[in-house]
Amino acid sequence: MTALIWFRDDLSLADHAALQAGAEEAGGIVALYVLDEESAETRPLGGAARWWLHESLSRLRADLAALGIPLVLRRGASERIVAEVAEESRATHVFWNRRYGSERHLDARLKASMRERGIDARSFRGGLLFEPWTVATATGTPYRVYTPFWRACLALPAPAAPLPVPETLTAAALQPASEALDAWQLQPTRPNWAGGLADRWTPGETAALGSLDRFLDERAPGYRERRDFPAIDAGSELSPHLRWGEISPRTVWHRALAAATETGVDVGTFLSEVGWREFASHTLFHHTGVDRAGNAEPGLHVRGINPQFDGFPWRRPDANELAAWQRGETGFGVVDAGMRELWQSGFMHNRVRMITASFLTKNLLIDWRVGEAWFWDTLVDADAASNPFNWQWVSGCGADAAPYFRVFNPETQQHKFDRDGGYVDRWAPDSVMLPQLVDLRETRVRALAAYESIKLAPRERSAP
DNA sequence: TCGACCTTCGA
DNA sequence: CGAAGGTCG
């Protein structure tokens with residue numbers, strides 16, 4: 001009896017339901033990771049995510065090796081590879097933890113074809129606190145507004161306690177050959193880029209737990225008051241670890257509540273941020289397919305949730321403007337600091353993400369998907385649900401009827417949240433010398449007019 | 001049905 | 001303090 005455990009967005013040994021089931025039910029384990037850049041349902045990884053994946057896989061491989069289990073690495077279309085590896089190892093069981101985006105359709109097909117061959121193929125709870133089909137309004141529809149969504153989640157039975165790392169694992173006798181991790185060339189070729197990522201981040205399960213503990217010990221007490229100021233390191237920095245399932249949200253949830261009980265610290269605001277991650281994934285689950293394809297335009301990978309915005313008069317991206325935004329050379333300090341923090345470290349402070357996104361979509365009037373694609377490529381925490389969701393939220397074309405007239409003013413924001421200039425000085429001290437790319441007042445008026453145009457006559461607009 | 005409400009605001 | 005318009009119960 002051999003269980004093939006297919007690792008995907010769950011690169012950990014703790015709270016891994018599929019691995020736990022394999023340890024309990026089968027005599028031997030085969031651990032597999034598939035780099036799938038072929039299937040239509042998977043979105044090709046961005047550069048920063050590829051770097052993270054390389055590091056995370058090498059740590060998972062070491063952690064598994066310490067328990068006597070090799071990690072088999074294969075590249076190709078998931079359905080073909082999993083079938084091949086199951087065959088090569090004479091697997092009787094194939095177990096995995098659920099995914100909730102478009103990939104779940106691929107998973108469903110694979111499960112059916114495995115079962116046809118008499119293999120016990122099963123999926124287990126994945127990287128969410130609540131299964132998306134358990135959260136709905138009184139009329140059974142998906143929530144479109146965050147606050148009632150999260151209230152409903154909190155009224156559900158608490159998420160299951162995280163599972164421990166299995167105490168004993170036995171390697172299956174037949175271990176299929178693995179490709180070499182280095183041969184996948186996940187590391188960026190651009191000199192120095194990976195250096196900036198490595199300076200700030202340590203991927204892997206051990207580091208993830210360390211970040212959570214440090215956050216709960218040191219940062220949670222002041223989190224609510226300090227989190228909006230980008231010059232202060234007030235966040236948990238857990239987002240890339242959650243993205244790859246190096247830590248599960250159930251572990252975060254239960255440890256946070258334990259800390260609250262122990263020390264009385266308020267973790268409500270922090271868990272509510274985990275709630276936003278949850279909301280994005282649930283929303284994507286209910287708008288199946290928007291995370292993939294459907295775009296004629298090259299480089300844009302996602303569709304919008306709200307069809308009313310299909311005819312929105314975005315300006316054709318001016319190459320100079322777009323480059324100035326990407327490089328952090330707009331002449332607006334907090335925008336430039338944010339964009340350079342992103343490029344140099346693979347991350348951007350949450351509030352600054354909103355400011356830079358508002359600047360691109362409102363002041364430059366460039367399609368949110370252009371910015372989404374840049375963030376996808378450069379963020380270590382780039383997530384197929386959260387990234388498009390948050391871009392649409394900021395640009396006012398998400399599921400909720402957002403107040404589109406709410407245009408962030410980067411100067412006002414900088415004055416409010418970086419008054420002492422700590423953040424701008426750290427990342428873009430020369431920004432003050434640069435000419436400002438746009439007139440904030442004129443471009444604000446222009447954006448409001450554009451939004452007005454689809455509101456008044458959504459059907460009269462011709463397709464772009 | 002209807003009223004309270006909507007993460008992150010600009011002026 | 002006003003800026004829409006939809007969501008939710």
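The values are calculated or read from the model by the stated rules, or taken from the named source; none is laboratory data. Nothing here was measured: the structure is a model prediction, and the numbers come from that model. Note that we place each Cβ from the backbone using ideal geometry, even for glycine, and neighbour counts take in every protein chain shown. Areas reflect the complete protein model, heavy atoms only, side chains present, ligands, DNA and RNA absent. Shrake-Rupley method; radii C 1.70, N 1.55, O 1.52, S 1.80 Å.
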For segment A:381-432, the count of residues that are of a type in the set (A, V, I, L, M) and within 16 Å of DNA strand C (Cβ to nearest atom) equals 5
Would a scan of segment A:369-385 turn up a residue that is within 13 Å of DNA strand B (Cβ to nearest atom), touching a residue at least 24 places away in the same chain (Cβ under 8 Å) and either open to solvent by 50 Å² or more (accessible area, probe 1.4 Å) or part of a helix (DSSP H, G or I) (or both)?
-> no
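Give the residue, chosen from A:R406, A:R426, that is within 21 Å of A:P230 (Cβ to Cβ), open to solvent by 100 Å² or more (accessible area, probe 1.4 Å) and at pLDDT below 90.
Values: A:R426 fails: at pLDDT below 90.
Being within 21 Å of A:P230 (Cβ to Cβ), open to solvent by 100 Å² or more (accessible area, probe 1.4 Å) and at pLDDT below 90 holds for just one of A:R406, A:R426, which is A:R406.
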Looking at segment A:250-262, is at least one residue open to solvent by 30 Å² or more (accessible area, probe 1.4 Å), modelled with pLDDT of 95 or more and over 28 Å from A:D9 (Cα atoms)?
-> yes
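Here's the yes/no breakdown for (1) assigned to a loop (DSSP other than H, G, I, E, B); (2) touching an Asp or Glu at 6+ places or on another chain (Cβ under 9 Å); (3) away from DNA strand B (no atom under 16 Å from the Cβ):
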position	(1), (2), (3)
A:E225	no, no, no
A:V252	no, no, no
A:R255	no, yes, yes
A:A258	no, no, yes
A:E273	no, no, no
Of the residues that sit in segment A:32-47 and are open to solvent by less than 20 Å² (accessible area, probe 1.4 Å) and aliphatic (A, V, I, L, M), which one is nearest to A:R90 (Cα to Cα)?
-> A:L32
Residue hits (segment A:122-171; near DNA strand C (Cβ under 8 Å from one of its atoms), buried (at least 18 other Cβ atoms within 10 Å of the Cβ) and part of a loop (DSSP other than H, G, I, E, B)) are A:Y143
Given A:R115, A:R109, which one is over 24 Å from A:A384 (Cβ atoms), more than 16 Å from DNA strand C (Cβ to nearest atom) and assigned by TED's automatic domain parsing to the domain that holds A:E25?
-> A:R115
If you scan segment A:348-368, which residues turn out to be buried (at least 24 other Cβ atoms within 10 Å of the Cβ) and within 20 Å of A:W244 (Cβ to Cβ)?
-> A:M348
Segment A:51-100: number of residues that are part of a strand (DSSP E or B) and more than 15 Å from A:L181 (Cα to Cα) = 5
Residues satisfying the stated conditions in segment A:197-215, i.e. open to solvent by less than 20 Å² (accessible area, probe 1.4 Å) and more than 19 Å from the chain's Cα centre (by Cα) | A:F215
Just a yes or no: is a residue in segment A:5-19 in a strand (DSSP E or B), open to solvent by less than 20 Å² (accessible area, probe 1.4 Å) and over 23 Å from A:L238 (Cα atoms)?
-> yes
Residue count, segment A:386-415 (criterion: of a type in the set (D, E, K, R) and more than 7 Å from DNA strand B (Cβ to nearest atom)) | 1
